[in-house]
1. With over 11 Å from the mean Cα position of the chain (by Cα), modelled with pLDDT under 95 and within 17 Å of residue A:90 (Cβ to Cβ) as the only criterion, which of A:1, A:59, A:30 stands out?
2. Do you know which of the residues in the range A:8-39 that are of a type in the set (Asp, Glu) and under 13 Å from residue A:86 (Cα atoms) is surrounded by the most Cβ atoms within 10 Å (Cβ to Cβ)?
3. Select from the range A:5-51 the residues that are closer than 16 Å to residue A:70 by Cβ and either touching an Asp or Glu at 6+ places or on another chain (Cβ under 7 Å) or among the charged types (D, E, K, R) (or both) and list them in ascending order.
4. When only residues in the range B:1-46 that are assigned to a strand (DSSP E or B) and free of Cβ contacts under 8 Å to residues at least 24 places away in the same chain count, which is farthest from residue B:99 (Cα to Cα)?
5. Suppose we keep only residues that are under 11 Å from the mean Cα position of the chain (by Cα) and closer than 15 Å to residue A:65 by Cα within the range A:76-113. Which one would you say is farthest from the other protein chains (Cβ to nearest Cβ)?
6. Only residues that are modelled with pLDDT under 95 and on the phi > 0 side of the Ramachandran plot: list them for the range A:90-113, please.
7. Does any residue of the range B:74-91 turn out to be facing another protein chain (nearest Cβ under 10 Å), touching a Leu at 6+ places or on another chain (Cβ under 7 Å), within 16 Å of residue B:35 (Cβ to Cβ) and of a type in the set (Gly, Ala, Ser)?
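The values are calculated or read from the model by the stated rules, or taken from the named source; none is laboratory data. Remember, predicted model here, so these are calculated numbers, not experimental data. Heads up, the Cβs are rebuilt from the backbone with ideal geometry, glycines too, and the neighbour counts pull from every protein chain shown.
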Amino acid sequence: DGGITQSPKYLFRKEGQNVTLSCEQNLNHDAMYWYRQDPGQGLRLIYYSQIVNDFQKGDIAEGYSVSREKKESFPLTVTSAQKNPTAFYLCASSSGRQTYEQYFGPGTRLTVT
Amino acid sequence: QKEVEQNSGPLSVPEGAIASLNCTYSDRGSQSFFWYRQYSGKSPELIMFIYSNGDKEDGRFTAQLNKASQYVSLLIRDSQPSDSATYLCAVRRIYGNNRLAFGKGNQVVVIP
């Protein structure tokens with residue numbers, strides 16, 4: 001089955017701790033994206049990567065970091081510098097070639113107290 | 001003006017009726033438009049995309065695009081309780097490395 005997986009589904013952390021969210025895809029997609037969603041809000045882009053070993057900041061990158069060492073994987077680290085980290089985090093991917101639709105993983109709900 | 005706007009509040013429709021959702025966008029040169037369905041607590045699921053002016057039908061869903069007026073709409077015919085969800089409109093940014101801009105979504109409630 002082709003798809004995007006995110007783990008864990010729920011994550012609880014204490015304030016001041018860094019936490020890494022996993023995103024893996026086996027769709028052979030070149031582009032991958034991280035969004036966060038807050039209640040009543042649209043999706044806001046954190047980081048994106050169009051090819052391996054390259055990534056760009058999105059609209060709200062402060063307090064986050066990413067890596068793209070493999071085509072299949074695009075982990076997101078939420079650092080202690082992120083002021084309001086509690087949110088629903090969504091990873092998406094896109095073939096990036098002539099078609100632009102993005103497909104989403106199931107999401108990780110992060111709660112920081 | 002926001003990049004993508006979905007202004008109407010929750011939409012309640014009786015089962016079997018047509019649900020109509022609208023979305024406006026600010027970049028006149030935008031070329032690609034998407035509708036996602038998101039159930040409560042779940043991730044968005046792509047249900048339609050449209051690139052050309054006019055209508056595109058897929059089952060009970062019809063997407064309508066009017067580039068001159070900069071709006072895209074989604075019609076859901078024969079609405080079912082399983083259509084109760086939030087519908088997100090997304091537009092590919094013309095100067096954005098294929099990034100998408102999302103609206104805040106419209107909640108649809110289908111009443112049996």
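1. A:59
2. My answer is A:38.
3. A:5, A:24, A:25, A:26, A:30, A:50, A:51
4. This residue is B:45.
5. A:77
6. Within the range A:90-113, A:96, A:98 qualify.
7. Looking through the range B:74-91, at least one residue is facing another protein chain (nearest Cβ under 10 Å), touching a Leu at 6+ places or on another chain (Cβ under 7 Å), within 16 Å of residue B:35 (Cβ to Cβ) and of a type in the set (Gly, Ala, Ser).
Residue-wise test of (1) at pLDDT 95 or above; (2) among the small types (Gly, Ala, Ser); (3) over 26 Å from residue A:50 (Cβ atoms).
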| position | (1), (2), (3) |
| --- | --- |
| B:3 | no, no, no |
| B:13 | yes, no, yes |
| B:17 | yes, yes, yes |
| B:34 | yes, no, no |
| B:46 | yes, no, no |
| B:77 | yes, no, yes |
| B:80 | yes, no, yes |
| B:94 | no, no, no |
| B:110 | yes, no, yes |
